[in-house]
Amino acid sequence: MKLLFTSVILVCTIATSARAQVYEERGGVQVPVHYVFTPSSGSVYVQPVPVPVPVPVPVPLPVLTYRPIVVTTYPNVTQFTGELAAPTRDPYITSGLVVLGVRAGTLLFLGEGASASAPTYGFHLGLASNNFELAFRLDMAELPSSTSRLHIAQLSFNYRFADDAPVHPVLGFGVESMSLSFASNAQSAFAFSGRLGLEAAVAMSDGALAFGVDATIHEAIANDSLPRALTRALAIEAFVDYHF
């Protein structure tokens with residue numbers, strides 16, 4: 001009977017230890033244990049619970065790659081310590097297409113029997129795009145020792161060369177009407193013209209100011225009433241144009 005009572009107590013103790021972890025002090029350290037009951041012998045012995053030991057896992061280090069840096073030195077180059085100049089625009093690049101100008105010079109008559117010249121002046125109105133210009137030009141010349149006046153109305157096509165140069169050659173061709181007006185009547189002729197000149201320009205706040213000199217040959221090809229001395233003429237003029 002005493003043995004049975006002891007067994008019941010041990011069974012209850014083991015059952016209780018199954019629900020709650022039991023610790024025993026061994027060498028000053030609390031160690032978890034299990035109570036194991038052996039029915040055949042009726043004895044109980046203590047079995048230590050295995051404690052997992054953490055094993056450190058090595059963390060792989062990142063692999064670093066290095067690229068060589070090539071430094072090129074120039075022994076003859078000096079350090080720039082000044083200020084960079086502001087970019088300059090092409091003076092012919094404007095917000096508009098209109099060209100308005102005036103001109104003045106001398107008209108040399110080269111026709112048959114001609115030996116005179118006359119001062120000339122005029123204006124021109126054009127439409128420009130890049131290097132091209134379509135221009136209407138009107139020149140007037142007062143004939144010497146006469147009350148008559150020569151008018152040359154011209155429609156021409158002009159092209160400007162050498163964009164990167166400070167001075168630009170200009171070449172143009174046109175058709176025109178040459179008319180000689182008297183007090184009582186007028187005489188006229190149809191003509192061709194050729195122009196060769198030099199031009200430079202400076203940028204303005206709202207456009208460009210161009211100036212230069214040119215020589216224009218006038219050659220009448222259909223003439224019924226114009227004096228033969230006036231059918232060929234060379235105009236040498238200075239001009240100022242404003243592009244806007």
So is LEU171 among the aliphatic types (A, V, I, L, M), without any contact (Cβ under 8 Å) to a residue 40 or more places away in the chain, closer than 16 Å to ARG103 by Cα and in contact with a strand residue (DSSP E or B) (Cβ under 6 Å, 6 or more places away or on another chain) or not? no
Evaluation of ALA215 against (1) in a strand (DSSP E or B); (2) in contact with a Phe, Trp or Tyr (Cβ under 8 Å, 6 or more places away or on another chain) (one fails), failing number: (2)
Just checking, does region 195-213 include any residue being farther than 28 Å from GLY96 by Cβ, at pLDDT 90 or above and surrounded by 20 or more Cβ atoms within 10 Å (Cβ to Cβ)? no
Within region 181-196, is there a residue that is hydrophobic (A, V, I, L, M, F, W, C), touching a residue at least 24 places away in the same chain (Cβ under 8 Å), touching a Ser or Thr at 6+ places or on another chain (Cβ under 7 Å) and not in a strand (DSSP E or B)? yes
Residue hits (region 217-236; under 42 Å from the mean Cα position of the chain (by Cα) and surrounded by 20 or more Cβ atoms within 10 Å (Cβ to Cβ)) are ALA235
Of those in region 126-144 that are more than 31 Å from the chain's Cα centre (by Cα) and aliphatic (A, V, I, L, M), the residue surrounded by the most Cβ atoms within 10 Å (Cβ to Cβ) is ALA141
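The values are calculated or read from the model by the stated rules, or taken from the named source; none is laboratory data. This structure is a prediction, so every number in the text was calculated from the model and none was measured. In this analysis, Cβ positions are derived from the backbone assuming ideal geometry, glycine residues included, and neighbour counts consider all displayed protein chains.
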